[in-house]
Structure formats: C-alpha cells, structure tokens
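Comments concern the structure below.
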Amino acid sequence: MNRAIRCGLGVLLMAWAITAWSHARSVSYAHWQLQPDGGAVSARVSQLDLSRLGLDPRSTPDYPQRVADQVSADLQLWSAGGRCTAGPVQASADDAGWMRLRWSVQCSGQPLSIRTRLLEAVAPSHLHIVNVETVEGGALQRVLGFADPEVRVADDSTDAPVAGLLPFLKVGIGHILSGADHLVFVLLLLMLATRLGEVVALASAFTVAHSLTLAAAALGLVQVQGAWVEALIGLSIVLVAAEHLWQRAGRDPGVPVLTLMALLLSGLVLWPRLPLSMLAGLLLFTACYFGLLAHSPRPLRLRLLLAFGFGLVHGFGFAGEMLQIALPREALVVALLGFNLGVELGQLLVIALAWPLLRLLDRLPRAGGALRHALGISALAIGSYWWMVRVGY
C-alpha cells in the first residue's frame, strides 16, 4: 500500500470518527412587538448558557425569578428619554432545555433601540437573534453580539437583503481576529512559505476550502459534530508546527517519529474519549504525510493539499457562528456572504501584517532563526493543549 493510499485511508477514518459527537452554539432569541410607547418581548435562552452565570436550576434558589431578573436586565429597550421600564417577567422552562420569558416595556420618546448585554462577561462569542415587528407594519431581523450589541428600530423598518450584510461582515471580522486557533494556523502557513507566490497559493487553498464548508454547514447541506471539529483544529496546528520544526531541523526523521509517539500517547491518555478509528486515522495520515514530504521534489503541492484539507475543517469551525440561527433562507444567504467576507478581510489583514515581519526575520539569520524556532515550539505546545483539552472536554 503506497503512502498516498494510506493518507486517504487516514482521512476517511478521521472523517468517520467526527460523526461521534454533537455540539451546540451559544445563541439566544428575542421577538419584540413594538409601538411608539413601548411594547412586549418574548425571549428564550439556553439553560446551559445561563449556568455560566451561576444560574443552575438544581442549586439556585428561586431559579425562575433569578433568570427573569437577569435576562430582563440584559435585554434592554431604549428611547430618547432613556432606558425603557420593564414590567413583571413571566419565566418558565421547556423540555428542550430553554428558559422562555415574556415581559412588557414602557418608553417615552423616539427613536427606539434594542441593546443586549446578555452573557457578555462569560461568553463573548454569544449571538443574540432579534426579530422586531412594529405597529406600523415594519419588520426587522438582526444578529447582535459582543462586537455589535445594538440595533435602532425605525417606525418603517423593513429588512432589505443588503441590510443584513454589514452586521455579519463585522461578526466575521471579529470572529477571525478573536479566534486564536485560526490565527495561529494562518501564521504557521506563512512560516512554511518562502516567497510571496507561495503565500498567495497557500492562503487561496485555505480560503477556498473553508468557504466551501462554511457555506455547506451554514446552509444545512452538511452536518458535522462541532466538538470534534474544534479538536481537529487544534491538531491541525500541531501537524503544521511539526512540519515547520522538521524543516528547521534539516528534515531530521526524529521529528515525525516524536510527533507520532505524541499522538499515540495522547490516544492512550484520552481513551475512551478518543475513538480508535480517530487515532488510527491520525497516525496513518501523519506518517504518510511526512513520508511523502521526505520524498517529494515539490513539497508545495503537498502543503497546498494540507492547507485545503485543514481549511475544510476550519470552515466547519467558522460555521459555528452561523449554525442554529433562525434566519429565513434568503436572509441566511446574505448573512453568510457578509460573514464570509468578514472572515476573508480579517485573514487578509493578518497576512498583510505578518508576512513582512516574517521576511524581516529572514534578514536576521541568528536572531530571526531563533525567534522562528521559538514560534514553532510555542505553536506546537498551544496546538497540543487545544487538542487534548477539546477531546477531553
């Protein structure tokens, strides 16, 4: 069996193992029915998310009231006269793990705006889906979050397809710039490149791949298990960092051997959380990848395949921001476009800043080489940590 076939077998084993777990994103919803002097709101928030605030139905006295106070304080309606006054809140739990809440608000003055502070202290990536209906017949739907926590509501608010683009553009930029694992992987790809043409090729392969899986997952065409996706993102960093260190060590065969031994050890430590199929796939893939690199006169082709393959995994990670958002399909397409453009803009910004710095290091052979080596070791360590923690979670 040649190395290419073993690589393919390793990928198939890993892909099969990904279907083992499910993962839910942190998302809440609110529906506002507004008139000039206030209105009514109905909201639902996951009890799992509320537990991050120390609100647990098993240990929190007067749990429904505590949840009601927290949610009504964090989901706010404002007018020109200041924050609107919230009335009594009705709160109840359903069988699906949600807390459902209803209350009314009284305002003085126009215009109205909705703000959220829900879970901002414990879940910065939390998304809050807002649906608004006004008495004049206006309609509005937005996704609020840490980077964009407020939306202004006009009397004649009516969503147009382009209206949802800018908020998701900001969410996409914020996601890539706050996603340390994605940034580390992109930096490692740059560290493998030796000239600008290779940077463009590797970045393009990564971009095309994660755009495909981001769209497929967000549109519901493909379903994967998010917990394993997050773990494999950590592992992608480990393997690319190992290749970087292997190159710097003059292709010392000890580096791939140590990488394989570390993977095997992680399988023993994480068993039974790590299925044997996943471990076997990882070992096969890693062994054949380094074997192909060692005998390839054009390693860039293999790196492009690696960037594309792990780009598919990272795309499913990006899609976590878009999953479970109750948007109409036509609105979801626009939101997806805005989010993906935001991710690409953030990625281009990182590349534009990092590549000149890496080239500067190359002009300082001793100090630059030492710093590159330190970056590779640091990336290997943090990728290993993410891999172990995310599998063991």
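The values are calculated or read from the model by the stated rules, or taken from the named source; none is laboratory data. Quick caveat: nothing in here was measured; it's all calculated off a predicted structure. Using ideal geometry, Cβ is built from the backbone for each residue, glycine included, and neighbour counts are taken over all protein chains shown. The area values use the complete protein model at the heavy-atom level, side chains included, leaving out ligands, DNA and RNA. Shrake-Rupley method; radii C 1.70, N 1.55, O 1.52, S 1.80 Å.
What the table below lists for this structure:
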{"read-out": "Per residue, in Å², the accessible surface of the chain once ligands and nucleic acids are set aside, probe 1.4 Å", "value": "47 Å²"}
{"read-out": "Nearest-0.05 FRET efficiency for Val122 and Ala294, computed from C-beta distance (R0 51 Å)", "value": "0.65"}
{"read-out": "Rounded to 10°, Cα long-axis angle of helix 299-318 versus longest principal axis of the chain", "value": "20 degrees"}
{"read-out": "Extension gain, Leu268 back to Gln33 (0.36 nm per residue minus Cα-Cα distance, nm)", "value": "79.1 nm"}
{"read-out": "Accessible surface of the chain [probe 1.4 Å, protein heavy atoms]: carbon and sulfur percent", "value": "64 percent"}
{"read-out": "Mean Cβ neighbour count within 10 Å, used as a protection proxy, ranking 106-112, 144-150 highest first", "value": "144-150, 106-112"}
{"read-out": "Estimated distance in nm for a label pair at Arg58 and Leu360, the labels positioned 7 Å out from Cα along Cα-to-Cβ", "value": "5.3 nm"}
{"read-out": "Summed side-chain charge close to Leu55 - residues other than Leu55 whose Cβ falls under 11 Å, Lys, Arg +1, Asp, Glu -1", "value": "-1"}
{"read-out": "Within the chain, helix-based [θ] at 222 nm, where runs of 4 or more DSSP H residues each add -39,500 (n - 2.57), nearest 500", "value": "-19500 deg cm²/dmol"}
{"read-out": "The chain: relative contact order in percent, alpha carbon pairs under 8 Å with at least 6 residues between", "value": "23 percent"}
{"read-out": "Positive minus negative residues near Ala379 (Lys, Arg vs Asp, Glu; Cβ under 13 Å)", "value": "0"}
{"read-out": "Degrees, to the nearest 10: 329-362 long Cα axis against longest axis of the chain", "value": "40 degrees"}
{"read-out": "Relative contact order for the stretch 193-308, counting Cα pairs under 8 Å that sit 6 or more residues apart, in percent", "value": "38 percent"}
{"read-out": "Backbone HN-Hα couplings from phi across the stretch 204-210 [Karplus 6.51/-1.76/1.60, Hz, Gly and Pro as x]", "value": "5, 4, 5, 5, 4, 5, 6"}
{"read-out": "Segment Ser108-Leu212, extension gain: residue separation times 0.36 nm, minus the distance between their alpha carbons", "value": "32.7 nm"}
{"read-out": "Size of charge dipole - the chain - debye, nearest 20, with Cβ of Lys, Arg +1 and Asp, Glu -1, no other charges", "value": "1660 debye"}
{"read-out": "Length gained when the stretch Leu219-Glu150 is fully extended (0.36 nm per residue, less Cα-Cα span)", "value": "22.3 nm"}
{"read-out": "On Cα atoms only, tilt of 254-270 relative to the major axis of the chain in degrees", "value": "40 degrees"}
